[in-house]
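The values are calculated or read from the model by the stated rules, or taken from the named source; none is laboratory data. Just so you know, these numbers come straight off a predicted model, no measurement behind them. Here the Cβ is made from the backbone with ideal geometry for all residues, glycine too, and neighbour counts use every protein chain on show.
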Amino acid sequence: MGQFKDIRPYRDDEVEEVVNRLLGNPQLLDALGHIRHRGVPSCLRGLLRPFVGMYLRRQLKGVNDVRSLQMCIAPMLEMVIAKTTDNVTWSGLENLSSDKPCLLLSNHRDIVMDPALVNYVFYRQGLDTTRNAIGDNLLGRPYVADLMRLNKSFIVHRSLTGRKEKLIAFQRLSAYITDSITNGHNVWMAHREGRAKDGDDRTDPAILKMLFMSHKKEGRSFSEMVEMLNIIPVSISYEYDPCDARKAEELFQRQDNGDYDKEEDEDLRSIIRGIEGWKGRVHVSFGKPVDSSLDTPQAVVENIDQQMHQLYKLWPSNWLARDIAMKQDNMDQWKKNFSSEDLGALESTFKERLESCAGNARDWFLKIYANPVFNRN
């Protein structure tokens, strides 16, 4: 595992040293102080560091391996879920084999919550949590990288610019994922680079080509790789996206200006908004293993996307967005599942969110929610 040292999650024997490093990191203490004490002016937050440090030490007392850390995190995640969702449900776990690890290729809407919710399901079902892929573009601050790697995340080097460096990095990533699954670890990975900000879940064939790199080097066929990795599509459905208005504005800016300039720490703010924002109901669907007879990246992509679109649980927010976008006001079948009172409340909530979005970005706001309906057809 020495060849993977700079990308792999931290091992049990490294946890104590990393935790001690985090406890002395002023940037982390300031970030936690911002989250816990929003009303305090930024100029005074430095004064909170000792108190935040005491809180963090108390929370992490007795943490000396990865499992104890995750047991410490679990109540915090449960609290987030209780505060920001109506409930979290799941289906399709019977498609996972107890004696054959898998690569969970998931749709991607939220930087942190997507893998967290999959692992919440695993935790609730008494299953070992997954190793999770995370892009190095989100790890600009060393304490963020430490936090993610403590929680079984491994690093995907996306910021490399040289062709040779990229090739080497992707070959090593392919080898690491294969090594993880061969040694009994389930792996979670997004099915494309970056979030599907427009709600249109489409698997990138480049992901399959990257996964094949180490297998091709070992002389395996593409079908043998599919069989070995045991690829399971995952579809995560949020009734409401806490970042919907910001995503819509970005999409409009890209359409209107051909580009979008991120603000400083925008990714960090998206992480915080995604964690703390209201999500309504959430459903996690696990599909069936991809057929190992499929022997090309495109054939596998089509299988994954077909499953992902069918597995996606459509909420009233999706149907309402479709109706508004298509300028339909007829009595659709989906409306028959609700009383007029409940339907009125659902429409009111969705329209309030729509109206909170800048007017020039509202078409994109509607697409974010409507695209899963269009993909179902």
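Scanning region 157-175 for residues that are assigned by TED's automatic domain parsing to the domain that holds residue 115, touching a helix residue (DSSP H, G or I) at 6+ places or on another chain (Cβ under 8 Å), surrounded by 17 or more Cβ atoms within 10 Å (Cβ to Cβ) and more than 12 Å from residue 210 (Cβ to Cβ) turns up nothing. Selection within region 300-334: residues that are in contact (Cβ under 8 Å) with a residue 12 or more places away in the chain and of a type in the set (D, E, K, R). The member of this set that is surrounded by the most Cβ atoms within 10 Å (Cβ to Cβ) is 322.
Listed by position, the helices (runs of 4 or more DSSP H) contained in region 1-82 that have at least 2 residues being under 28 Å from residue 135 (Cα atoms) and at pLDDT 85 or above are 12-23. When residue 208 is tested against (1) part of a helix (DSSP H, G or I); (2) touching a His at 6+ places or on another chain (Cβ under 8 Å); (3) within 20 Å of residue 311 (Cβ to Cβ), exactly one condition is not met: (2).
Yes/no per residue for (1) basic (Lys, Arg); (2) under 22 Å from residue 121 (Cβ atoms):
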position: 283; (1), (2): no, yes
position: 291; (1), (2): no, no
position: 295; (1), (2): no, no
position: 316; (1), (2): no, no
position: 352; (1), (2): no, no
position: 356; (1), (2): no, no
position: 362; (1), (2): yes, no
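Filtering region 130-153 to residues that are of a type in the set (Val, Ile, Thr) and out of contact with any strand residue (DSSP E or B) (no Cβ under 9 Å at 6 or more places or on another chain) leaves only 144. A single entry from 106, 91, 97 fulfils the requirement of being surrounded by 21 or more Cβ atoms within 10 Å (Cβ to Cβ) and in contact (Cβ under 8 Å) with a residue 40 or more places away in the chain: 106. Among the residues of region 223-231, at least one is assigned to a strand (DSSP E or B), at pLDDT 95 or above and crowded, with 22+ Cβ neighbours inside 10 Å.
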